[in-house]
Amino acid sequence: MKQSLSHKLIGNHRVGGEMTSGAEVALRMDQALLQDVLGTLVMLELRAMGVDRVATSPSVQYIDHSLVQPDQMSADSHLFLKSACERMGVWYSGPGNGISHPVHMERFGVPGQSLIGCDSHTTAAGALGMLAVGAGGIEVAMAMAGEPFFMPMPRIINVRLTGKLPDWVSAKDIILQLLQRHTVSGFKNCMLEYTGPGLAGLDAMDRHVLANMGTETGATASVFPSDDETRRFLESRGRLQDWQPLAPDEGCQYDDVIEINLSDLVPLIALPSSPDKVVPVADVAGEEIFQSYIGSSGNPGYRDFAIVGQIVAGKKIADGVSLDINPSTRTILSALINHGLLGDLVAAGARIHQPGCNGCIGMGQAPAAGRNSLRTVPRNFPGRSGTREDSVFLCSPETAAASALTGVITDPRTLDMPFVRPVEPVDMAADIRHFKAPLPPGQSRSVQLLATENTPPLPTLSPIPDRIHLPVKLKVGDNISTDDIIAAGTRVMPLWSNIKASAEFTFEQIDPDYVRRARSAGDGHIIVAGRNYGQGSSRENAALVPRFLGLQVVIAVSFARIHWQNLPSFGVLPLTLEHAEDLQYLNPDDTITIEDIADQLRAGCHVEALINGTHRLPLRHDLSQRQQDILKAGGVINWLKGKETEA
């Protein structure tokens, strides 16, 4: 039977379940990726599970998010993570090496292997022909402990690229086109597989842009063939031995086919404050800007910085504009220095920041309130920049650089200069001296974890009761992001591993009184939401922290995939409305009653509830029997301990 590349990758790693769309499939994960602010929770979870040494290889811990160190908390956390890596057999990539996703591609990505990461943009490694999936940290911890990773079998969507990118149009414009067509939830439980003659004009880091931001469409994963361009990328990184060709079978079938003619694309831009509010740059040209921000895992390649250097070389950026350059990796920064482009950027007035996520996650470079900030980052959710009243646009490096010169949003095609497409240097090998390899088992067992007051043991969670009779304490609308639930930025992110401390900030941007009301409920409470609840970051504390405050049930019109999986992992029951219009009947302080929960879940997908004891509320669930067992146990850690006891 002829197979897509997606089916081949999933089939090669399947250890259970059926490859039928929507069915739960169990996968063996070869590699694991951790970033620092969520990796800390993963390490605490591994500790709670009693894991002495991880099973995935390589497993890599990156320090890339919490790099602004106004006090000792982040530095203390880095020491804890380094000791945990030494203890558990994990590679350690310290501050300064760069963002996990491009660094992992440079140093560890292998075509054909599977990768799980506690960051939703782990999908970027699909650019190398990997099966790469972002997940909640608890699921990453399970995979690192040797357990399978479970997910709904995705529909496979072929994105067929034809034509050739015009001058001044780049990979960012391709993914913005997909978002414009299909929205931030259009590809939920889908895997995007890129094919077609248009691939010939996209290098590996162009493909990284598409695979990375596929997450913003709701896709589970994105994948590209491993071809001559993949070979060139790995050879330039000194890793030719890791290359192998991978491709779909000719004539294979897909669940759907989408075609994009690259020749028809124009520079695009996403308006505040959602990645799918996309229009041509020309439609908003002339609006004054305050900042142009270059970098992040959304545009991490050499060419993404080089094109900016070429545009501003010999010129000066407009008065009042901050041109922020955030190199994605140490390797990229070295290449910019060696080829003179960093000097061009500095001379033009750019501000140079350390390699890392930085302003993408609200850690520095926050814009002035209400002032337009053009960014090459993947997301522009409200407040994510670090400024609550922000106005963030998503665009290509070309558009951001052109606008920095003029001081207003500018279509780069209107620049009075020739277009020269940057060519990546031949030698881009990462310096292995800056990575700390895992200790041998004999040495690792003697390492003591350097715990701090911000790495306390995880709270113990109780099983969900068989009868729910609880008040609604919060009602929210569509597209609530995990940034809305637990904010990033310099105030809150250093506390993410401390559940009790971070709980004080829960839903702060949406409803500052939520924490008080949640605690006043005593026995527990319910949250009601619209469509695509929990979109964005994979941060599992967006499920764990509300659970700590007493959350037991979330009723929504629909959920984002990763957050839906995180909720039962921490003992929260996710239910969807059978009829979206019933949302109007649910209001704060209504009481929801659900009888015989275990029997109802086991009997099928339908769940009956009552509003205030009188109004019938038909609900549904999509939980597997495994997830029902996890709920019954009070979360994944309790469930795993129960399995060990039974064994």
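Assorted remarks:
- Net charge contributed by nearby residues that have their C-beta within less than 11 Å of LEU450 (K/R +1, D/E -1): 0
- Computed over the stretch 5-263, the convex hull of the alpha-carbon atoms projects to a mean area of 14.2 nm².
- Net length gained if the chain between THR162 and LYS643 were fully extended (0.36 nm per residue, minus Cα distance): 168.1 nm
- Isotropically averaged projected area of the stretch 570-647, using the convex hull of Cα atoms (one quarter of hull area), nm²: 5.8 nm²
- The stretch 231-262 versus the stretch 375-428: alpha-carbon centroid distance in Å: 27 Å
- 10 Å beta-carbon shell around SER100, net charge (K/R +1, D/E -1): -3
- For the stretch 416-428, 3J(HN,Hα) computed residue by residue from phi via the Karplus equation (6.51, -1.76, 1.60; θ = phi - 60°) reads 8, 7, x, 8, 10, 6, x, 10, 5, x, 5, 9, 10 Hz, glycine and proline entered as x.
- Gyration tensor (alpha-carbon) shape descriptor, the stretch 411-528, a/c threshold 1.5: oblate
- Percent of C-alpha pairs per 10 Å bin, the stretch 507-586, short to long: 19, 52, 29, 0
- Residues whose amide H lies under 5 Å from that of ASN372, counting only those 5 or more places away or on a different chain, are PHE290; hydrogens are built 1.01 Å from N in the peptide plane.
- Measuring nothing but how far apart in sequence close Cα pairs (under 8 Å, 6+ apart) lie, relative to its length, the stretch 5-263 scores a relative contact order of 23 percent.
- Whole-angstrom gap from the stretch 446-461 to the stretch 90-143, using each part's C-alpha centre: 24 Å
- Across the stretch 441-597, the mean sequence separation of Cα contacts (distance under 8 Å, 6 or more residues apart), normalised by length, yields a relative contact order of 30 percent.
- Three-way shape call for the stretch 67-210 based on the alpha-carbon gyration tensor, with the a/c threshold at 1.5: prolate
- Net charge of neighbours whose Cβ lies under 15 Å from the Cβ of ARG330, counting Lys and Arg as +1 and Asp and Glu as -1: 0
- Shape parameters for the stretch 250-295, alpha-carbon atoms, Rg then Dmax in Å: 16.2, 50
- Ranked list, fewest to most other Cβ atoms within 10 Å of each Cβ, for THR122, THR506, THR452: THR452, THR506, THR122
- Working note: Karplus 6.51/-1.76/1.60 with θ = phi - 60° gives the stretch 148-157 the couplings x, 9, 9, 7, x, 4, x, 6, 9, 10 Hz, where Gly and Pro are set to x.
- Kirkwood Rh in Å, taken over all unlike Cα pairs in the stretch 1-101: 15.6 Å
- Each residue of the stretch 602-611 was assigned a 3J(HN,Hα) from its phi angle through the Karplus curve 6.51 cos²θ - 1.76 cosθ + 1.60 (θ = phi - 60°); the sequence is 5, 6, x, 8, 8, 10, 9, 9, 10, 9 Hz, with glycine and proline shown as x.
- Calculated mean projected area of the Cα convex hull in nm² (choose from (1) 27.0; (2) 39.6; (3) 34.6), label: (1)
- Taking the empirical scaling 2.2 N^0.38 Å for compact globular proteins as reference, the stretch 468-646 has a Cα radius of gyration ratio of 0.98.
- Computed over the chain, the per-residue total of -39500 (n - 2.57) for DSSP H runs of n ≥ 4 gives a 222 nm mean residue ellipticity of -8500 deg cm²/dmol, rounded to 500.
- Remark on VAL159: its backbone amide H falls under 5 Å from those of GLU193, TYR194, THR195, ILE258, a criterion applied only to residues 5 or more positions apart or on other chains, H modelled at 1.01 Å from N.
- Only alpha carbons enter this Debye calculation for the stretch 347-395, each as an equal point scatterer, and the log10 of I(q)/I(0) it gives at q = 0.21, 0.28, 0.32, 0.33 Å⁻¹ is -0.70, -1.11, -1.29, -1.33.
- The orientation-averaged shadow of the Cα convex hull for the stretch 156-231, equal to a quarter of the hull surface, comes to 4.6 nm².
- Annotation: amide H-H contacts under 5 Å for SER558 (H modelled 1.01 Å from N, sequence separation of 5 or more, or interchain): ARG531, ASN532, TYR533.
- For the stretch 520-606, the list of GluC sites (Glu not before Pro) that fall in a loop by DSSP and count at most 16 other C-beta atoms within 10 angstrom reads GLU578, GLU595.
- Stokes-Einstein translational diffusion, the stretch 473-526 - Kirkwood Rh over all Cα pairs, 0.692 mPa s, 37 °C, in µm²/s: 277 µm²/s
- Quick note on the stretch 184-280: its Rg to Rh ratio, both from C-alpha atoms and Rh being the Kirkwood radius, is 0.99.
- P(r) of the stretch 272-414 over all Cα-Cα pairs, binned every 5 Å from zero, in whole percent: 2, 12, 23, 25, 22, 12, 5, 1
- Mean separation of Cα contacts under 8 Å, 6 or more apart, over the residue count of the chain: relative contact order %: 14 percent
- In this rough spin-label picture, where each label sits 7 Å from Cα along the Cβ direction, the ALA26-VAL257 distance is 3.6 nm.
Each value in this text was obtained by applying a stated rule to the coordinates, not by laboratory testing. Here the structure is a predicted model, which means the values were calculated and not measured. Cβ sites come from the backbone with ideal geometry, for glycine too, and all protein chains shown count toward neighbours.
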